[in-house]
1. Taking only segment B:1-35 into account, find how many residues are under 22 Å from B:Ile214 (Cα atoms), of a type outside the set (Val, Ile, Thr) and assigned to a helix (DSSP H, G or I).
2. Taking the stated definitions as given, is B:Val334 part of a strand (DSSP E or B) and within 16 Å of the ligand (Cβ to nearest atom)?
3. Tell me whether segment A:45-61 contains one or more residues that are surrounded by fewer than 23 Cβ atoms within 10 Å (Cβ to Cβ), in a helix (DSSP H, G or I) and either on the phi < 0 side of the Ramachandran plot or without any contact (Cβ under 8 Å) to a residue 24 or more places away in the chain (or both).
4. Name the residues in segment B:76-103 that are away from the ligand (no atom under 16 Å from the Cβ) and surrounded by fewer than 22 Cβ atoms within 10 Å (Cβ to Cβ), would you?
5. Identify, please: which residue in segment B:24-42 is free of Cβ contacts under 8 Å to residues at least 12 places away in the same chain and open to solvent by less than 50 Å² (accessible area, probe 1.4 Å) and is, among those, farthest from the other protein chains (Cβ to nearest Cβ)?
6. Name the one entry in B:Phe192, B:Phe211 that is more than 30 Å from B:Tyr66 (Cβ to Cβ) and away from chain A (no Cβ under 13 Å).
7. For segment A:175-221, how many residues meet the condition of being in a loop (DSSP other than H, G, I, E, B), away from every other protein chain (no Cβ under 12 Å) and either touching a Phe, Trp or Tyr at 6+ places or on another chain (Cβ under 9 Å) or surrounded by fewer than 24 Cβ atoms within 10 Å (Cβ to Cβ) (or both)?
Amino acid sequence: MSRIKACFAALKAENKKALIPFVTAGDPNPAVTVPLMHVMVEAGADLLELGVPFSDPMAEGPTIQKACERALEHGTSLRDVLAMVSEFRHTNSTTPVILMGYMNPVEIMGYQAFATAAAEAGVDGLLTVDMPPEEAGALVEVLKAVEIDPIFLLAPTTTDERVAKICAEASGFVYYVSLKGVTGAANLDVAAVDAKLAQIRRHTELPIGVGFGIRDAETAQRVAAVADAVVVGSAVVNRVAENAESPEKINEAVATLLCEMRVAMDAGPPKVGWFAKLFGTGK
Amino acid sequence: MSSEVADLPDASGHFGVYGGRFVAETLIEPLDELTAAYERLKNDAGFQAELDRDLADYVGRPSPLYFAERWSNMLGGAKIYLKREDLNHTGAHKVNNTIGQALLAKHLGKTRIIAETGAGQHGVASATVAARLGLECVVYMGAEDVKRQALNVYRMKLLGATVVPVESGSKTLKDALNEAMRDWVTNVDNTFYIIGTVAGPHPYPMLVRDFQAIIGREAKQQIMAAEGRLPDALIACVGGGSNAIGLFHPFIEDSDVAMYGVEAAGDGIDTPRHAAPLCAGRPGVLHGNRTYLVEDDNGQIIETHSISAGLDYPGVGPEHAWLKDIGRANYVAVNDDEALKAFHDLTKIEGIMPALESSHALAYAAKLAPTMRKDQTIIVNLSGRGDKDIHTVAGLEGITV
Ligand SMILES: Cc1ncc(COP(=O)(O)O)c(C=O)c1O
């Protein structure tokens, strides 16, 4: 069984939802990334999304754009990212790792060369933001041959007909983009997400991850109540950015955020006052 | 050449292996909506009449085809005709496209227009049509270009547009396009994105080409009237490729007509400072389509350089990529110095001050014409006028105006 499948099956048995943090590989420097991956797992992450830096990240808000710029200052390449996954796998053979990025680095490396190297490194899934299934045929074929799941996006604008088509191509899980906008946006509407997830579930048994706009324990918990997995990008990357000048503080800052989210997600649907009790803040 | 090439793209927006739709899922539905609306309106007599009227009365079409006799004689070879897109309202070919897309926006009921711009010509052309239709207009422009093109920034503001300086990446045209895409993804419900060249996801490369093809259709009639036969060669500069494809497309099936797309070589295509993806780049995926790009071995896009801001772009329209691969068009490059010389020559010899972009096409004509016979003809697309570049040219000569 693939790591992604095993992970979601284990969570389901415990009646828990997956927490999937995202960091850009090589941000703010390449030495930070692998230790940070281990720390995120200890802090409660179930799967990891590792961003492959790209010069033109069209779907990202300012937070992840800047993360790409910091990583590219150190020349972090797709091959470097694969080497990081490989290093992570020395001591972690269970946590699924999904690469998230844009097509061009994969195009230039070559589909087959990428698939072989990624499988060898221990990558479990690939999410390319600018690769809808219509263009993905050849890539999906080589990925599936090495048992890497192509992770496809669904959006608020995706028609029912397309949902069906995309779900038929997808494996591992599907990723619902919670809002019309870029990463780091703040206009999350959980009720609307819930309605769309119901529509998606009519077309697939795969777990559904929800990302974009999840910025704190409270939003993580509200989304976890309706989805199978919560993807947290900009909120995590902000913790990295705040400590970019003193990278030794990054692990603790990220771990604190993820612990809060983990606790909130596991606590279940909101009960009045629980958040203040746990964290002493009045959200 | 078979009509198969002229009939591209295919239904999913591909020109051979190029083009397509490489965008985030959120944009697929609005792109489908745009494609369907365009397919419907393209054959709608009312829409076409409205477009033709605007092109005639507002843009000032047809633009003349001018025989540059003195310059041709001095070069001592083929007769050079200039397609005078510089005489259009707002001073460049860009308005042919913005007029068309703004009409689409109106028919789709969109109330807000966004655009990206490099030199500011497309931004001005977008702000112009938005003003006329009473639509809100936001123009994204790299922070570096905002500094370099202060005059056009002010023109856009006078026209009522909001100019947003883009601070990410290399702070130039490619980053402005990224930012416009981000705006579109966020505001898809009420916003129409007017892309300024034959790049971007399907259907943009097709519809921008169709709106610009008026250039080649007119030129074909005009050269037949003047010479009684088709031209031997067409020459146009290639940034994203819209003025070039506009001239080329109606001639694609005329296999005796040679086509030359001229890219910006900057300091030279053997240096790192150029903007010539077709001559010195390789295929990849950027801004929604597969095409030739200026990129490094890891697939990161490299900052380009050209004296002309309108050619300073690391990609190129996918149809050009295909025309290159199948050998129907030739792509060559002209450096900053050669373009500058052509700028001065045409100004002094013909009394026409060309845009620095168009000067690249002229510089190649100056190389090609002397190799041809005197009874042969060349049409050069004079895509824009040079007023906007006076600061740049003066600056190079140490003069402040
Ligand atoms: C006068 C002029 N010519 C050419 C171009 C290049 O664009 P394209 O290659 O799409 O024609 C520009 C772009 O700003 C321009 O202003």
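The values are calculated or read from the model by the stated rules, or taken from the named source; none is laboratory data. These numbers come from a predicted model, not from an experiment. Neighbour counts are summed over all protein chains in view; Cβ atoms, including those assigned to glycine, are modelled from backbone coordinates with ideal geometry. Just so you know, the surface numbers come from the protein's heavy atoms only, side chains and all, with ligands and any DNA or RNA stripped out. Shrake-Rupley method; radii C 1.70, N 1.55, O 1.52, S 1.80 Å.
1. Qualifying residue count, segment B:1-35: 4.
2. Yes: the conditions hold for B:Val334.
3. no
4. Once the filter is applied, which keeps residues that are away from the ligand (no atom under 16 Å from the Cβ) and surrounded by fewer than 22 Cβ atoms within 10 Å (Cβ to Cβ), segment B:76-103 yields B:Gly76, B:Gly77, B:Leu103.
5. It comes out as B:Ile28.
6. B:Phe192
7. 10
Residue-by-condition table, conditions (1) closer than 27 Å to B:Ala342 by Cβ; (2) of a type outside the set (Val, Ile, Thr):
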{"residue": "B:Val59", "(1), (2)": "yes, no"}
{"residue": "B:Ser63", "(1), (2)": "yes, yes"}
{"residue": "B:Phe67", "(1), (2)": "yes, yes"}
{"residue": "B:Ala78", "(1), (2)": "yes, yes"}
{"residue": "B:Glu85", "(1), (2)": "yes, yes"}
{"residue": "B:Gln101", "(1), (2)": "no, yes"}
{"residue": "B:Thr111", "(1), (2)": "no, no"}
{"residue": "B:Val129", "(1), (2)": "no, no"}
{"residue": "B:Glu144", "(1), (2)": "yes, yes"}
